[in-house]
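The structure appears right after this line, and notes come after that.
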Amino acid sequence: MKQNKTKLSKFLYFIFFIMLFTFNGCVSYRHSVNVSSYSTNENVGRKYFLQVDEKKLKDKTITLQVQEFEKYIDIVLAQRGYIKVDNIKNADQYIVFDYDISAPQTRTYSYEEPVYDTVLRPYTRYKKIDGVYYPYTHWEREYEVVGYRTRVGTRTFYSKNIYINSFNRTKTKNIWQISGNITDGNGDLRYAFPYLVKGISGYIGTNSRQIINVIVPDDDLEVQMMKKGEISTSAVAK
């Protein structure tokens, strides 16, 4: 009986690890983007002039970063049917974008950790004496959970944000605005930015009326195309 029990345990462990590796191979990391948008819903033209926030515009040390991030925004705007112009005089909308990442934020959390120990367990066995089977108690040591203890851990998070505001050409009226946020343990804003842009893309120019949580897989096809500077034709507005 003990031998059969051992074989069953090994088989269950084998099945568990097979399922674990299969699951990890099929499911990619997912980015959770919190989106909030406002809009006057005015019917204005789709020609736009895009510019980063004035403070970043003056900072010449981040020019290449701004250009890369601007490219992602141009792509999703094109998908929404917007047309970029190089001169604000030819634009229907003056769009300003900004972004930031917070300093590391440490959060403390508690969790229950199992405590393992050896425990004596009684099992009934039978001994054959003169052709008759007599029961007796056999004690075995087993390693198992005997309780739980509270542990305290810490995690470091970064809040990564994007803000886009659209104005009329004379910059006197706000037409729509949108913001997106990703808060996780990754402190790389450059890596997260295309996922932020993809997360907010479906709500540009609309009124979300609440914070919407959008999930973007790490291997999202449109994000990969954005990184290559391509536009998914299936998503281009007609």
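For the set Val146, Val52, the ranking by accessible area, highest first and with no ligand, DNA or RNA atoms included, is Val146, Val52 under a 1.4 Å probe. In this simple spin-label approximation, Thr183 and Val119 carry label points 7 Å from Cα along the Cα→Cβ vector, and these lie 4.0 nm apart.
Backbone phi angles across the stretch 125-131, fed through the Karplus curve with coefficients 6.51, -1.76 and 1.60 (θ = phi - 60°), yield HN-Hα couplings of 10, 10, 10, 8, 10, 6, x Hz in residue order; Gly and Pro are listed as x. Simple spin-label estimate for Arg155 and Met225 gives 3.3 nm between the two label positions (7 Å along the Cα-to-Cβ direction from each Cα).
In this structure Lys84 has an accessible area near 80 Å², from a 1.4 Å probe over the protein heavy atoms.
Taking Lys and Arg as +1 and Asp and Glu as -1, the other residues whose beta-carbon sits under 12 Å from that of Asp53 total -2.
The values are calculated or read from the model by the stated rules, or taken from the named source; none is laboratory data. Here the structure is a predicted model, which means the values were calculated and not measured. Reconstructed Cβ throughout: ideal geometry from the backbone, glycine too, with neighbour counts over all protein chains shown. The area values use the complete protein model at the heavy-atom level, side chains included, leaving out ligands, DNA and RNA. Shrake-Rupley method; radii C 1.70, N 1.55, O 1.52, S 1.80 Å.
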